[in-house]
Amino acid sequence: MSTSLKKFVNPKFIRTVDLALIQTLLKRHKGALNGFDLATLDGDEAHARERLHAYLLGATEQFPEGLIADFHQIADLGCKAGLELILTHARRLGVQILAPTEPSEGDAPKAHDPKHVALRVFLFHREVFDAAYDFQVLKTKASLIEFAGLRDGVAAKTDISDIERFREAVTAFFEADMRGRYCRLACYEDGRDINIVIAYGAVVSSLPVIEANAERVISMRAVTHAVLRYEKDAGMLRLGGISRTRAADMADMFAEHLLDQPGFFAGPDARHLYSLDAVERAAPDFAMTHAHDPEIEAALLTMATAELWEWDASSGGRKLVRTRSANSPAGDVLADLFDVPTPLGGAWRLREIGFDVVGTSIFDVLSA
């Protein structure tokens, strides 16, 4: 069991969890519990918790794959931030997830503990749980691949039938990449924009385990997530959780099924959204101007990374040979990038820069 999961399924959780809830969870995997008798949970409570402790804190290989996946999802929302998301979406959907309970002796009831709330909602209010989980995924997917459409103002279709056709296409897309048939897709409208969260099967991984003093390899497939954010006014699509080699294919499917415009994100400038060419041409004399804003005292380039590319005859394309990075709080990072003057824009290309914007107040510093 992973360290993060052990922090959730810990002795305190086992001592306090509602046995009826944990029994309901384990019943989802009845027949694959490898020696754990569910009837134990109907008997003496102390004995039941002792047996539960031995099972849940025992060797990971005795768990069915699905139970591990369930615990991971519940653990992700079994915290203060997760509880806020659950409550928010329960209110949005008009679902009463817990009967009102008055604290006794000044103590909050255990049923209100984030771990127990997440477990109960996972089992009995799955629509609320999935929505809360989706929004957590949207918050955590920060590194997104961007595509600019051919024009702005094109609205996406979000009828149930349109979303379902898109889900079927996405299912086939991931199945072709050997990710299995499981695919859950949810669409959330945000004004004129839409957010889509896709849960799909990860690549099968192998795990060696010891059984009867011999090593055996078991296969596991977890669930992973992808996000799509489409801004109608800008005609911009952002993708996360999808490999760069397949991002363009996913963008094409979105354009075909939800915009009715195949090729909408395949224009010549669809991926040419940002350029460091001007920085490369002026380096190391490049400077950011800020005269337009009297509140800015300085804009300093504090970080830069450059890559050396060479022609690879065997592949018939370029290959990355080396990477160099430099940091300079003083703002002269481009001069510090190389030991000796080296031109950028040829074999060496600038990959990224970072800068600090210093305001006229001594407390104003913005890093980007």
### Task
Run ASP260 past the list (1) on the phi > 0 side of the Ramachandran plot; (2) among the charged types (D, E, K, R); (3) at pLDDT below 95 and report the number of the one that doesn't hold.
(3)
### Summary
Flagged pairs (Cβ under 8 angstrom, 6 or more apart or on separate chains; first in the stretch 12-38, not assigned by TED's automatic domain parsing to the domain that holds ALA54; second aliphatic (A, V, I, L, M) and in a helix (DSSP H, G or I)) are none
### Task
Go through the stretch 333-354 and count every residue that is buried (at least 16 other Cβ atoms within 10 Å of the Cβ), assigned to a strand (DSSP E or B) and either among the small types (Gly, Ala, Ser) or out of contact with any Leu (no Cβ under 7 Å at 6 or more places or on another chain) (or both).
1
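Any idea which of THR224, THR302 is farther than 29 Å from ARG192 by Cα, of a type in the set (Ser, Thr, Tyr) and either at pLDDT below 95 or not assigned by TED's automatic domain parsing to the domain that holds ARG151 (or both)? Give the derivation first.
Details: THR224 fails: farther than 29 Å from ARG192 by Cα.
Only one candidate passes the filter, namely THR302.
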### Message
modelled with pLDDT under 95 and closer than 25 Å to ALA132 by Cα: which single residue out of GLU175, GLU189, GLU164, GLU168 fits that description?
### Response
GLU189
### Query
Does LEU320 meet the test of being surrounded by 12 or more Cβ atoms within 10 Å (Cβ to Cβ) and either among the charged types (D, E, K, R) or within 31 Å of the chain's Cα centre (by Cα) (or both)?
yes
### Task
Would you confirm whether any residue within the stretch 306-325 is touching a helix residue (DSSP H, G or I) at 6+ places or on another chain (Cβ under 8 Å) and at pLDDT 85 or above?
no
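In the stretch 1-78, which helices (runs of 4 or more DSSP H) lie fully inside it and hold 2 or more residues that are out of contact with any helix residue (DSSP H, G or I) (no Cβ under 7 Å at 6 or more places or on another chain), at pLDDT below 90 and surrounded by fewer than 17 Cβ atoms within 10 Å (Cβ to Cβ)? Show your work before the answer.
Working: elements: 3-8, 11-16, 19-27, 45-56, 65-77.
The qualifying helices (runs of 4 or more DSSP H) are 3-8, 65-77.
Quick check, is GLU307 within 30 Å of ALA247 (Cβ to Cβ), under 34 Å from the mean Cα position of the chain (by Cα) and part of a strand (DSSP E or B)? Break it down stepwise before answering.
On the way: within 30 Å of ALA247 (Cβ to Cβ): yes; under 34 Å from the mean Cα position of the chain (by Cα): yes; part of a strand (DSSP E or B): yes.
Spelling it out, GLU307 is indeed within 30 Å of ALA247 (Cβ to Cβ), under 34 Å from the mean Cα position of the chain (by Cα) and part of a strand (DSSP E or B).
The values are calculated or read from the model by the stated rules, or taken from the named source; none is laboratory data. Note that the coordinates shown come from a computational prediction; the quantities given were computed from them, not determined experimentally. We place every Cβ from the backbone using ideal geometry, glycine too, and count neighbours over all the protein chains shown.
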